[in-house]
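One structure is given below, encoded as structure tokens.
What follows draws every value from the coordinates through simple rules; no lab data is involved. Bear in mind that the values here come from a model prediction, so they are computed numbers and not experimental data. Reconstructed Cβ throughout: ideal geometry from the backbone, glycine too, with neighbour counts over all protein chains shown.
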Amino acid sequence: MANNSTLSRPYAQALFEHSDDWSSDLEKISLAVKDPGVANLIDSPHLSYQDKVEQFLALFEGEIESNAVNFLKVLGESKRLSLIPDIEKEYRALIESSKGKKTVELFSPFVLSVEQQEKITTSLKKRFGDNLTTEAGVDESLIGGFLARSGDDVLDASIKGKLEKLSNQLT
Amino acid sequence: MEELNPSEISQIIRQKIDALDTEPRPSNEGTIVFLADGIARIHGLGEVMNGELIQFEHGVQGMALNLERDFVGAVILGNYRLLAEGETAKCTGTILEVPVGEALLGRVVNALGEPIDGKGAINAELRSPVEKIAPGVISRQGVDQPVQIGLKAIDSMVPVGRGQRELIIGDRQTGKTAIAIDAIINQKDTGVKCVYVAIGQKQSTIAGVVRTLEKYGAMDNTIVVAAGAADPAPMQYIAAFSGCSMGEYFRDRGEDALIVYDDLTKQAWAYRQMSLLLKRPPGREAYPGDVFYLHSRLLERSARVSADYVEKFTDGKVKGKTGSLTALPIVETQEGDISAFVPTNVISITDGQIFLETSLFSAGLKPAMDPGISVSRVGGAAQLPIIKKLGGGIRTALAQYRELEAFSQFASDLDDASREQLEHGTRVTELMKQGQNSPMSVSEMGAVLFAANEGYLKEVEVEKIKDFEKALLAYLHSEHTELMKAVAETGDYGDAVAAEFKEALDNFVSTQTY
């Protein structure tokens, strides 16, 4: 995971410096890589990496720009196709930080209503700045409340977190 | 442990729950991506500081040591087997601290200052960071008061002053720890607080030291910081710094303290282990590049500080008192090799060394100090007048003796002067022997040195020197109590004292048997 970010950072940086219209292509490719069938193809020991790259590229014929095809070939040469989701993530983070945006992942034990989410987002803006988007997710282990995460910064307002604090206090 | 009844327990729980802060606070988190050998690599923790305490799950703590671009390399203080890869780690915003203060005296604690002697909790009010910057030049003062080690050979030839760093170096089994323990025992009525830091030793050895200190009544003003061989390397590495912080508490409050690091070789080993696991590049003898800094920053904290510094530090509560922290670091050599990495480093950092030799130890010369290469660079200014005056002759006598001894092996007959010197040297060497755990007072030492200087030993057979000394001290204590007391208190030496000593010794020689 962390190793991947070391490897994927230079690629993302290069893409970002090249232009900022890679988003849609990267998203498509990364979706494909996340597909179990394609992942199996990349991990398969029966094919040579060159064959894998060819088969992989065939998936996107006519769908992506020629630049993106070249990029995939470069990745293929270094046997790093599986890095694509990480590269996409890094790339998005670079675009966001260049625009001064922040993404906050918002976890709650159940699906939040739109009003609830908006209310939390407004209060989070005080902490993380105005220019933020929230991505809601469900984590049942939280029991109640919510947990907001932006990069390494975490704001834990969940019942689980409070119970952990209580258990630390009592031991 | 203290006994608690059920109502007290529920009250304590209630208090703890009342004090609980459930307000959500922002924190900086990361994930353990690699965990082995007491080392964790953590992804995230973007705001961590170097040396910051990291909170893992299951109540385990760690310390951030390597801040890399994608990882934080941390050492785990405690049981790393409880942790697993994928678990979270949080920044705490604090650096490692240990409890300090008078409450620790008489206790045995681990490297984090937690009691391990089964005598209950320590109610220390203050905590102090383990890593601190040593006092600067302006806040310091010259070393001019002695720390009496209580060993004739050391106090007369390599005196130690308050605030000095005097290295005790030698092979295994040469009595290094014994000297340090004697020094601690000798401080029991002087008001000097002691800290004994045991690094990488057997638990049984540590227990033995604690028992010895208790037996001689020296434990009441001593703190023992123990990081045994079974403790993780980070604990062994930190123990020295923890002990130093505990000693600094006294230094900064205008008191005098003595700290023994037993031993820094093992601390360097622990640091080497950590560094290699953290993938820091190895250098000479596979130690990392900053082993010198490891020991120099530790030993620089032993200092004599001025009254102004103490007054400023205590906000004017303590006035006109200087503080000091004297260090007796111990380094173990292999086969007398003092040019190995750690010995050369520590020799160059300290203000002198007491060199112990296996051959002398085997010959029954205990303490097995080699007077030729043992030095004290600053202690001379701190020596008490009586020891300074009378001890001067000892070093010369021994130096001439060594020279003549080698020479006399070839020469068949010697002139009278040389023979006399040789005989005097033999007697002085014999006189310098001293039993373990029996440190001497200033007056006792003064009397014995006076006897040696004034030639009273000439008539005594070499085998009888020990008996002579014993009988002399018994006689002086019973017949010349006043003189002994006065000398012990002031440490002054003048014609009057010399005359009294002469009279007492003349009386002793003419009337007593030994």
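List of remarks:
- Taking Cβ atoms as reference points and 15 Å as the exclusive limit, the residues near A:ASP35 contribute a net charge of -1, counting Lys and Arg as +1 and Asp and Glu as -1.
- Report summary: the helix-based calculation at 222 nm, which adds -39500 (n - 2.57) for every DSSP H run with n ≥ 4 and divides by the residues of the protein assembly as shown, gives -14000 deg cm²/dmol.
- The chymotrypsin sites (Phe, Trp or Tyr not before Pro) of the range A:61-115 meeting both criteria, a DSSP state outside H, G, I, E and B (loop) and at most 13 other C-beta atoms within 10 angstrom of the site's C-beta, are A:PHE110.
- Three semi-axes of the equivalent ellipsoid, the range B:381-477, Cα gyration tensor, whole Å, largest first: 25, 16, 12
- Projected over every direction and averaged, the convex hull enclosing the alpha-carbon atoms of the range A:128-171 yields 3.9 nm².
- For the range B:262-358: relative contact order, % (alpha-carbon pairs under 8 angstrom, 6 or more apart): 29
- Charging the Cβ of each Asp and Glu at -1 and of each Lys and Arg at +1, and nothing else, the dipole of the range B:278-347 about its Cα centre rounds to 420 debye.
- At most 11 other Cβ within 10 Å, DSSP loop - trypsin sites (Lys or Arg not before Pro), the range B:426-514: B:LYS458
- Averaged over peptide B:26-34, the number of partner chain Cβ atoms lying within 10 Å of each residue's Cβ comes to 4.
- Enclosed volume per residue, in Å³, of the convex hull spanned by Cα atoms of the protein assembly as shown: 234
- Cα-derived Rg over Rh, computed across the range B:329-400 with Rh taken as Kirkwood radius: 1.00
- Calculated log₁₀ intensity ratio I(q)/I(0) where the Debye formula runs over C-alpha points of chain B, q = 0.09, 0.13 Å⁻¹: -0.71, -1.27
- Percent of Cα-Cα distances greater than 14 Å, calculated over the range B:145-191: 52
- Projected area, mean over directions - the range B:141-290, Cα convex hull, nm²: 10.1
- Overall dimensions of the range A:15-171 by Cα: Rg and Dmax, Å: 20.3, 62
- Here each label is just a point 7 Å from Cα along the line to Cβ, and for B:LYS470 and B:VAL509 those points are 2.2 nm apart.
- Its convex hull of Cα atoms gives the range B:201-264 a direction-averaged projected area, equal to a quarter of the hull surface, of 4.5 nm².
- Using Cβ point charges alone (K and R +1, D and E -1), the dipole size of the protein assembly as shown about the Cα centre works out to roughly 540 debye.
- Structural size metrics of the range B:119-215, computed from C-alpha coordinates, are Rg and Dmax of 16.0, 43 Å.
- Qualifying trypsin sites (Lys or Arg not before Pro) in the range A:65-171, where qualification requires a DSSP coil assignment and no more than 15 other C-beta atoms within 10 Å, comprise A:LYS79, A:LYS99, A:LYS101.
- Relative packing of B:57-70, B:160-173, B:443-456, which averages over residues the other C-beta atoms within 10 Å, highest first: B:160-173, B:443-456, B:57-70
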